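Report on the structure given below.
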Amino acid sequence: KAGVTQTPRYLIKTRGQQVTLSCSPISGHRSVSWYQQTPGQGLQFLFEYFSETQRNKGNFPGRFSGRQFSNSRSEMNVSTLELGDSALYLCASSLNGGPDTQYFGPGTRLTVL
Amino acid sequence: KNEVEQSPQNLTAQEGEFITINCSYSVGISALHWLQQHPGGGIVSLFMLSSGKKKHGRLIATINIQEKHSSLHITASHPRDSAVYICAPLSGSARQLTFGSGTQLTVLP
């Protein structure tokens, strides 16, 4: 089976812009979770989608949003970018979420100038 | 206080040494993941534990739910084990992962 893919892999944006990141899970996986990784804060949970519904949400402002499509592919959107949004954004898929093993994508490295 | 504490933060070992990384957490959890992250960012899930002990090759993970503590052991360490190891408890109620700050392991030949 193909692994989790994320596009784009690298992105440079300026403050105030918005960005959309894409994640394609492993075939058959219904849960997709998104994480932000920064040198200062480490890994932090953003949100989880399961069967097109947001099931869990981390402690991030409303500028961070996401969605999941019927084929389980997921997108996350960040509006009004700030310098502090520069990070590695990782998605992970699992069969049903919760304690199921998560398979991580390679990440999208976002730089906000 | 962080919900998840990992120790040590950095660890340098000689090839062949036995390595232990510890993880303590303060929240109630239903399971705990150990993750490995190589330079460049790729993350691999090594173990998911809800009780006891699991072994995969040279890697062993243990968890004591009552003590709120987990350990990751690497036997006969090898330079290819050099990576960041992250423990990630799955909170029981919120069903979301929280993360330790990671242990940077360097194994020298």
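Read-outs: derived from the displayed coordinates by stated rules, not from any lab. Predicted model, so just to flag it, every value in this text is computed and none were measured. Reconstructed Cβ throughout: ideal geometry from the backbone, glycine too, with neighbour counts over all protein chains shown.
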In percent, how large is the relative contact order of region B:1-88, given Cα pairs closer than 8 Å and 6 or more residues apart?
35 percent
The distance between the Cα centres of region A:1-57 and region B:71-90, in whole Å, is 24 Å
Global geometry of chain A, whether rounded, prolate or oblate, following the gyration tensor of its Cα atoms and the 1.5 cut on a/c:
prolate
Classify the protein assembly as shown from the C-alpha gyration tensor, please: rounded if a/c falls under 1.5, else prolate or oblate depending on whether a/b exceeds b/c.
prolate
Where a ≥ b ≥ c are the square roots of the eigenvalues of the C-alpha gyration tensor, would you call chain B rounded, which needs a/c under 1.5, or, failing that, prolate if a/b is larger than b/c, or oblate?
prolate
Segments B:62-75, A:29-42 sorted - mean Cβ within 10 Å per residue, highest first
A:29-42, B:62-75
Average beta carbon contacts from partner chains per residue of B:31-40, 10 Å cutoff:
2
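Using Cα-Cα distances under 8 Å and only pairs 6 or more residues apart, what relative contact order does region A:1-45 have, in percent?
Relative CO of region A:1-45 lands at 34 percent.
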